[in-house]
Amino acid sequence: MSRRTYKYFRGPMHGFIEVDECFLKIIDSPFFQRLRRIKQLAFTDLVFHGAEHSRFEHSLGTYYLAGIITERAMPE
């Protein structure tokens, strides 16, 4: 039996997001890591200091929600 490894990311909206090793390869790629530098809310952080969301965090949240939808649509 193979042992799966997981990594946890903390998202601002969803708390801790568990990521499987298969998706970790995608997240660790340079193309995905570039999303850390792109702001999701443009210049909103200049007015609201707590609004510092990046495309990276947004993509992790999308991954999390897609996992929930898949679990509910295809129960085991």
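Read-outs throughout are calculated quantities, based only on the coordinates presented, and are distinct from any laboratory measurement. Note that this is a predicted model, so its numbers are computed, not measured. Note that each Cβ is placed from the backbone with ideal geometry, even for glycine, and that neighbours are counted across all protein chains shown.
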ask   = For the chain, the longest stretch holding no trypsin sites (Lys or Arg not before Pro) located in a DSSP loop with at most 10 other Cβ atoms within 10 Å is which?
value = 5-76
remark   = In this structure, the FRET efficiency calculated for residue 76 and residue 7 from their beta-carbon separation, with R0 = 35 Å, to the nearest 0.05, is 0.90
inquiry  = For segment 1-70, which chymotrypsin sites (Phe, Trp or Tyr not before Pro) pass both filters: DSSP loop (anything but H, G, I, E, B) and at most 13 other C-beta atoms within 10 Å?
reply    = 43, 48
task = Would you please give the residues with an amide H less than 5 Å from that of residue 17, counting only those at least 5 places away or on a separate chain, with H modeled from the backbone geometry?
result = 9, 10, 11
Under Karplus coefficients 6.51, -1.76 and 1.60, residue-wise ³J(HN,Hα) of segment 25-39 in Hz, glycine/proline x = 5, 6, 5, 7, 5, x, 5, 6, 5, 5, 5, 5, 8, 9, 7
query = Near residue 54, within a Cβ-to-Cβ distance under 9 Å, what is the net charge of the other residues, with Lys and Arg +1 and Asp and Glu -1?
reply = +2
ask   = In cubic angstrom, how much convex hull volume per residue do the alpha carbon atoms of segment 6-73 span?
value = 92
ask   = Once phi is turned into θ = phi - 60°, what whole-Hz ³J(HN,Hα) does the Karplus curve with 6.51, -1.76 and 1.60 give for every residue of segment 52-61, x standing for Gly and Pro?
value = 10, 9, 10, 5, 4, 5, 5, 5, 5, x
